[in-house]
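Where a number appears in this text, it was derived from the coordinates with a stated rule and is not lab data. Only a predicted model underlies this, so the values are computations on that prediction, with no experimental measurement involved. Note that we place each Cβ from the backbone using ideal geometry, even for glycine, and neighbour counts take in every protein chain shown.
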Amino acid sequence: MWIDSHCHLYNCSSTELASLYEQAARHRVTTLVTTATDVPTSMEVQKQVLQGSTTLSLYGACGISPESALREAHAADIETLSSLVDTPGIIAIGEIGMDGIQNAYPPMAQQEKLFRRQLRLAKTKDLPVILHSRGVERHVLNILQEEEIHRALFHCYTGDAETARSICNSGYHISFSGIITFKNAHFDTVIRACDPAKILIETDSPYLSPEPYRGKANTPQNAYLIGKYIATVLGISEKTAAEIFQKTFSSLFGTPAPNFS
Ligand SMILES: [Zn+2]
């Protein structure tokens, strides 16, 4: 019933994947989006999606993250990406975007160039985008509007409540990770500022384990802890929260509509 809308599984062996899928399903995490960060990991994501899973629904996102903006900005990489995203089960271009916080990342102009190229690819392919945006949410929001992007998910949202409201009002979506469960994180106001029908959850595993597993390696099974946390903040049952997320997921990514019977 829970969906992990963003995890990184490209370093997992097939044996590790099988046990990770099984563990996730046991924790009622029944849908995963395995997400890439550059061209080699996009190829790995395609491989995993084609292999599929017998225990859960597996989808993929291919894209070049801002961290890789210097070495991956070549036309050939966009062409490779363009053919990878035609694979059935690849439901988005991601993660892509801009990061104004990490000093080690390429210059902003370089990041923006690659970001816009991939937004144009998403438009050509009629695919939604999964966004990495740190400290530059307003700027990213403006770019989305300039490029006339209609379907976007701000992954691992850490911006403020006012920007969250603008994102939802612009028709875009927000995904929360385990960060919201951290003590002193203060994201409850941000969660309440969002339109509940625009919220998704994710683990961003192997990073960002939610409480009470903070600091340990993260896996998609922990998505239920984030779902549970949001349900509590919104004052709704876990079942209702999970159903809202499922409807949101299928309308954003064009996957089969959920059946709640
Ligand atoms: Zn990620």
Taking all pairs of distinct alpha-carbon atoms in the stretch 150-261, Kirkwood radius in angstrom: 14.2 Å
Distance between modelled label sites at LYS123 and GLN23, nm, 7 Å Cα→Cβ extension: 4.2 nm
Rel. contact order, % - alpha carbon contacts under 8 angstrom, at least six apart, the stretch 130-261: 18 percent
Virtual spin-label span in nm between HIS150 and GLU79, 7 Å along Cα→Cβ: 3.0 nm
Extension gain, THR55 back to TYR213 (0.36 nm per residue minus Cα-Cα distance, nm): 54.5 nm
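Can you compute the helix-only [θ] at 222 nm over the chain? Use -39500 (n - 2.57) per DSSP H run of at least 4 residues, normalise by all residues, nearest 500 deg cm²/dmol. Mind dumping the intermediate values first?
Working: 9 runs with 107 residues, N = 261.
Here the helix-only value at 222 nm equals -12500 deg cm²/dmol.
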Radius of gyration and maximum dimension Dmax of the chain, Cα, Å: 16.9, 50
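Relative contact order for the stretch 2-253: what is it in percent, counting Cα pairs under 8 Å that are at least 6 residues apart?
Rounded, it is 19 percent for the stretch 2-253.
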Ordering of 143-151, 28-36 by burial proxy (mean other Cβ atoms within 10 Å per residue, highest first): 28-36, 143-151
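Can you work out the FRET efficiency for the pair MET108 and SER250, with r the C-beta to C-beta distance and R0 = 35 Å, to the nearest 0.05?
Rounded to the nearest 0.05, the efficiency is 0.50.
Once the Cβ-Cβ distance between SER170 and ARG116 is put in as r, and R0 is 25 Å, what FRET efficiency do you end up with, to the nearest 0.05?
Details: r = 18 Å, r/R0 = 0.70.
So, using R0 = 25 Å, E works out to roughly 0.90.
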All lysines inside 17 Å of LYS216 as judged from Cα atoms, apart from same-chain residues fewer than 8 positions distant: LYS183
Gained length - LEU70 relative to THR87, 0.36 nm times residue gap less alpha-carbon distance: 3.5 nm
Linear extension gain, ILE236 paired with SER13, 0.36 nm per residue minus alpha-carbon span: 76.5 nm
